[in-house]
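Step one of this worksheet: look at the structure below.
The values are calculated or read from the model by the stated rules, or taken from the named source; none is laboratory data. Note that the structure is a prediction, hence the values are computed from the model and not measured. Every residue, glycine as well, gets a Cβ built from its backbone with ideal geometry; the counts of neighbours run over all protein chains shown. Ligands, DNA and RNA are stripped out before the accessible areas are found, and what is left, the full protein with its side chains, is counted by its heavy atoms. Shrake-Rupley method; radii C 1.70, N 1.55, O 1.52, S 1.80 Å.
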Amino acid sequence: MSLALDKVKGYALAALAAAAYGTNPAFAVPLYSQGMNPVSVVLFRYLMGLPLVALIMIVRGKSFRLKREEIVPVFILGVLMALSSLTLFESYNYMNSGVASTLLFVYPVMVAVMMIMFFHEKFSISTVICLLVMGAGLLVLMKPQGNTSISAFGCLLVILSALTYALYLVMVNVSKSVRCIPTTKLLFYVLGWGSLLFVAMIACGSGLTVPAMDWGWLNLLALAVIPTVLSLACTTRAIQLIGSTPTAILGSLEPVAAVILSIVVLGQTLTAQDIIGGSLIVAAATIVICSGPVDKAILRMRKMFPKVPRDRDKEK
C-alpha cells in the first residue's frame with residue numbers, strides 16, 4: 001500500500017513539476033524587453049531561489065553538510081542544470097518561446113535512450129517507434145514556413161538544453177551518492193553551483209543587467225519560486241519515487257503550459273505546422289511511458305498473423 005501511494009505521489013509531483021517549469025517563458029521573455037540578458041535573468045532566478053530553499057531546510061532541521069563523496073556529483077549536477085537553464089532562456093531570443101518549450105520535450109526520449117545505451121534498460125519496439133515519431137516532429141518544425149524558417153541556432157540551443165537536462169535526470173536516478181541526498185539539500189547546492197557559474201560568466205564579460213521597471217523584480221521572484229524551487233524540488237523527489245523515465249515523460253504538461261502562457265501572456269501565435277510538429281514530439285515522448293502496453297499490443301498483433309514459411313522451410 002505504501003509503495004502504491006509513493007507511486008501516486010511521484011506521478012503527481014512529476015506533473016506539478018512539469019507544469020511549473022512551463023511558466024518559464026511567461027516570466028522570462030518580458031524581462032528581455034527591459035534590457036536584461038539571459039545570463040542575468042537566470043542568475044537572479046537562482047540567487048533569489050537560494051534563500052527560499054535554505055529557509056525550508058532550516059525549518060525542517062536539515063543539515064547543510066555534504067559528504068566528501070557527494071561534492072563532485074552535486075557540482076556536476078549544478079553545472080548541468082545551469083547550462084540547461086541558460087541555453088533554454090537564450091533560445092527565447094531566437095524563436096517562439098512556445099515552440100522552444102515544445103522542442104525541449106525531446107529530453108524524455110534522450111533519457112530513455114541513455115538508460116538503454118549506458119544502463120542496460122531493455123530496448124523495445126516502442127522505443128524505435130518513439131524515435132521515428134520524434135524525428136518526424138523535428139522535421140516538421142524545421143521545415144521553412146513561407147518566407148521564414150525556424151532558427152537553426154535557436155533549435156541547437158534548445159537541443160543542448162534538453163541534452164543537459166536529460167543528463168541531470170539520469171544522474172539523479174543512477175548515482176547512489178546523489179540518491180541519498182535529501183531533495184532540498186540537493187536543490188540548494190544545485191542552485192548554488194549554478195549561481196557561481198553565472199557569476200563567473202558575468203565576470204568574464206557577459207555583463208550584469210537589472211530590470212528597468214519595478215514589476216520586473218516580481219517576474220524574477222516568480223521565476224525563483226515557480227519554475228525553479230517548486231519545479232526542481234518536485235522533479236528531484238519524483239525521480240526518487242518513480243524513476244527518471246516516468247518523471248521525464250510526465251513533462252508533457254510542460255510544453256502545454258508554456259504554449260498556453262506564450263499565447264495568453266506574451267501574445268505569440270502558433271501556426272498549424274508548429275502545432276503538428278509539437279504534437280508529434282509530445283506523442284513520441286508519451287509512447288515511452290506507455291512502452292509496456294504498446295509493446296504488448298504489438299506482440300499480440302504479430303501473433304494474429306501466421307508466420308509465412310520461407311522457401312527453404314517449404315523444401316524441408
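How many residues does the stretch 197-234 hold that are in a helix (DSSP H, G or I) and within 21 Å of E90 (Cβ to Cβ)?
Adding up the residues that qualify gives 21.
A quick yes/no check of all residues on (1) more than 15 Å from the chain's Cα centre (by Cα); (2) open to solvent by less than 20 Å² (accessible area, probe 1.4 Å); (3) within 26 Å of P25 (Cα to Cα):
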residue: M57; (1), (2), (3): yes, yes, no
residue: G61; (1), (2), (3): yes, no, no
residue: F64; (1), (2), (3): yes, no, no
residue: V74; (1), (2), (3): yes, yes, no
residue: S84; (1), (2), (3): no, yes, yes
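Restricting to the stretch 256-280, what's the tally of residues that are surrounded by 21 or more Cβ atoms within 10 Å (Cβ to Cβ) and either polar (S, T, N, Q) or at pLDDT below 70 (or both)?
1
Out of all the residues in the stretch 201-220, which are open to solvent by 50 Å² or more (accessible area, probe 1.4 Å) and either at positive phi or of a type in the set (A, V, I, L, M) (or both)?
M201, A203, G205, L208, V210, A212, M213, L218
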